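Trainee: This is the structure I want to talk about, given as structure tokens.
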């Protein structure tokens, strides 16, 4: 668990919220149940086309049941992420690109070198989501309070 400075200005808070997003992608990619569970406030709500899931356990159980859990790479485009800090809460959005990397050797293929789409038929974008979220500061940590995931277009 990462601990943040006690006093936070807007830029430190913005980086902490970005770190929350990064840890979300890390937990999904690695299939790390404990890490994913630690990212949610007790009354957090995760909503998508399949319904609403409430609380860290229900949300993490739902995500861990996803066929791609721990078997794909969850990526995000930094330039599309946005955040608005309001003291101890933040509204933010980001893009999730779920890539099937099962045909690649993770020890020898850095993800940053993988060309997507028609450039590399062995890498398939299996899901593309847009997330709109609210985070809250709890002590020295930021946690998801709400997460709404909506499907985006499958990119060529």
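Trainee: Tally up the residues in region 42-68 that are assigned to a loop (DSSP other than H, G, I, E, B) and surrounded by fewer than 17 Cβ atoms within 10 Å (Cβ to Cβ), please.
Mentor: Residues meeting the conditions: 5.
Trainee: Please count how many residues of region 25-41 are surrounded by fewer than 17 Cβ atoms within 10 Å (Cβ to Cβ), at pLDDT below 95 and either closer than 17 Å to residue 131 by Cα or out of contact with any helix residue (DSSP H, G or I) (no Cβ under 8 Å at 6 or more places or on another chain) (or both).
Mentor: 2
Okay, residues lined up against (1) modelled with pLDDT under 85; (2) under 13 Å from the mean Cα position of the chain (by Cα); (3) over 21 Å from residue 53 (Cα atoms):
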residue: 104; (1), (2), (3): yes, no, yes
residue: 129; (1), (2), (3): yes, yes, no
residue: 133; (1), (2), (3): no, yes, no
residue: 155; (1), (2), (3): yes, no, yes
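The values are calculated or read from the model by the stated rules, or taken from the named source; none is laboratory data. None of these values were measured; they are calculated from a predicted model. Cβ: placed from backbone, ideal geometry, glycine included. Neighbour counts: every protein chain shown.
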